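The values are calculated or read from the model by the stated rules, or taken from the named source; none is laboratory data. Everything quoted here is computed from the prediction, not taken from an experiment. Here the Cβ positions follow ideal geometry from the backbone for every residue, glycine too, while neighbour counts run over all protein chains shown. Heavy atoms of the whole protein, side chains included, go into the accessibility calculation; ligands, DNA and RNA do not. Shrake-Rupley method; radii C 1.70, N 1.55, O 1.52, S 1.80 Å.
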Amino acid sequence: MARCYRFLADLHQLLNDNQNAIAEVRTALKYYDQAGYSEQQGALSLLGRIYYEQGDYKQSLYYELTALKIAINSKQDNVRLICQINNNIGYTYIKLNENQKALQFFLQSLQIAEKEKDNETVYLLAANVVDAYLRLKDPQQAKRFFQDITKRYAKPGRKSTRAAIMALVIPI
């Protein structure tokens, strides 16, 4: 039941029906608790994304940080989810005007993409890092950073970039 409600929440979130999505995630979390299932990081991250979309950045941050803690301590392979959660947290810190913290989370996310040899995601995350440097009023570091990325990684193709964006982006 928990997975079904989580799936419904994902669908409603994609349809911008956040009220139903929140209710469904909360129902999924209840079922997870009843079943003694502790791997709730995906549902908690989804809740964080929904609150982000609603502009409740403190709630978003709470749920994303909770999801990150669970994902890091999990025995499951959560590498890509951890990458996504770090990116989400970075976006949230941008909205809270905590650009240095955002930069740190974007860099952590980028490290994962680099280890996974995922050039498309590397470029997507590099753009977020550059944005954070610019918000920190450090255009020279932004330029050096991006030049380094373009030297070390092949530019992704158009189709693969679209897939990476769909997997990681929360609109700012």
Check: If you go through the stretch 115-145 one residue at a time, how many are open to solvent by 80 Å² or more (accessible area, probe 1.4 Å) and more than 23 Å from residue 79 (Cβ to Cβ)?
Finding: 6
Check: Are there any pairs, at least 6 apart or on different chains, whose C-beta atoms fall under 7 Å, with the first in the stretch 23-38 and in contact (Cβ under 8 Å) with a residue 24 or more places away in the chain and part of a loop (DSSP other than H, G, I, E, B) and the second surrounded by 15 or more Cβ atoms within 10 Å (Cβ to Cβ) and aliphatic (A, V, I, L, M), and if so, which?
Finding: 37/2
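Restricting to the stretch 51-73, give me the number of residues that are open to solvent by less than 20 Å² (accessible area, probe 1.4 Å) and aromatic (Phe, Trp, Tyr). Step through it out loud before you land on a result.
Just the residues of the stretch 51-73 that are open to solvent by less than 20 Å² (accessible area, probe 1.4 Å), to begin with: 52, 60, 64, 67-68, 71.
Cutting the leftovers down to aromatic (Phe, Trp, Tyr) gives us 52.
The qualifying residues number 1.
In the stretch 58-161, which helices (runs of 4 or more DSSP H) lie fully inside it and hold 3 or more residues that are more than 19 Å from residue 40 (Cα to Cα) and among the β-branched types (Val, Ile, Thr)?
On the way: elements: 79-95, 99-115, 119-135, 139-152.
In the stretch 58-161, the matching helices (runs of 4 or more DSSP H) lie at 119-135.
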Check: Any residue at all in the stretch 37-50 that is under 21 Å from residue 1 (Cα atoms), touching a Phe, Trp or Tyr at 6+ places or on another chain (Cβ under 9 Å) and open to solvent by 60 Å² or more (accessible area, probe 1.4 Å)?
Finding: yes
